[in-house]
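Got a structure for you, questions after.
The values are calculated or read from the model by the stated rules, or taken from the named source; none is laboratory data. Everything numeric in this text was worked out from a predicted model, so none of it was measured. When we count neighbours, we look across all protein chains shown, and the Cβ atoms used for this are built from the backbone with ideal geometry, even at glycine. We work out accessible area using only protein heavy atoms, side chains counted, and drop any ligands, DNA or RNA first. Shrake-Rupley method; radii C 1.70, N 1.55, O 1.52, S 1.80 Å.
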Amino acid sequence: MSAIYQIIIGILILAVAVLLYVLGNLRTGHAESAKGTGTDIRSDLLYDRCCRWMEKDKPYLNPDLSISEAARALYTNKAYLSKAINTHAGVSFPNFVNRYRIRHAVSVFKDNTTMTVDSLTRASGFSNPTTFSNAFNKVMGENPGTWCARVRKDKRRSRGRTEGGQSTIPPPSLTLRHQDPGVSSMKDLNALL
């Protein structure tokens, strides 16, 4: 019986040692994520928490949103938040926020095509039309005035041409003309929008 107890105690000691090793790596940030990306778990969790916060609370609608304010809301610091966004989205914090703003602008405009570019600028959290236009062009590949005119035109064309309540004209497509570092394909852009 003594040999069995020694084996059981050896297994328990080994299990405790493995557990302590894993916990030590988690605490020091050396553990790799389950996704296999090589990023640490805390970075993954912070990025996910940031995305949920952006979706739920829509802080991007505040033109004065800063990385400091975001870090406070997410109970972290600017450096960790910036690194998590850069690692996962491949862009800086301002560009990350602008993606949410542009997605919001596209959604708002599709619901109300009578909006002007200036009103769309304010409704989507941008402080001035130039910044809005530059960000819109970077994400959508065309300036907002041209895009809005095309959406209005397509909407007018589709009003009278329906079959059984379904439009025969597809909705305006979003073309990716200029690559955003975090948007590598149309699938990524559509996921963004």
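Under a Cβ-Cβ cut-off of 13 Å, what is the net charge of the residues other than Ser124 that fall near it, where Lys and Arg count +1 and Asp and Glu count -1? Please list the in-between numbers first.
Numbers: positive: Lys58, Arg99, Arg101, Arg103, Lys110, Arg122; negative: Asp111, Asp118.
My count for the surroundings of Ser124 gives +4.
Turning to a different aspect of this structure: Can you send over the solvent-accessible area of Glu55, 1.4 Å probe, protein chains only, in Å² to the nearest 10?
Glu55 has an accessible surface of roughly 80 Å² with all protein chains in place.
Tell me the net charge near Val106. Cut-off is 13 Å between Cβ atoms, Val106 excluded, with +1 for each Lys or Arg and -1 for each Asp or Glu. Kindly include the intermediate steps, with their values, before the conclusion.
Working: positive: Arg99, Arg101, Arg103, Lys110, Arg150; negative: Asp111, Glu142.
Once positives and negatives cancel, what remains is +3.
With every protein chain kept in place and ligands, DNA and RNA left out, what is the accessible area per residue of the stretch 56-127? Probe 1.4 Å, answer in Å². Each step should come with its number before you reach the end.
Values: 3620 Å² over 72 residues.
The answer is 50 Å² per residue.
Then there's this: Just flag the chymotrypsin sites (Phe, Trp or Tyr not before Pro) in the stretch 50-87 sitting in loop per DSSP whose Cβ has no more than 15 other Cβ atoms within 10 Å. Walk me through the numbers on the way to the answer.
Details: sites: Trp53, Tyr60, Tyr75, Tyr80; in loops: Tyr75.
Taking the stretch 50-87 and a limit of 15 other Cβ atoms within 10 Å, the loop chymotrypsin sites (Phe, Trp or Tyr not before Pro) found are Tyr75.
If ligands, DNA and RNA are left out, what is the accessible area of Lys110 with a 1.4 Å probe, given in Å² to the nearest 10?
The accessible area of Lys110 comes to roughly 80 Å².
What is the list of residues in the stretch 82-124 whose amide nitrogen lies under 18 Å from a point 7 angstrom out from the Cα of Arg159, following Cα to Cβ?
109-116, by backbone N distance to the label point.
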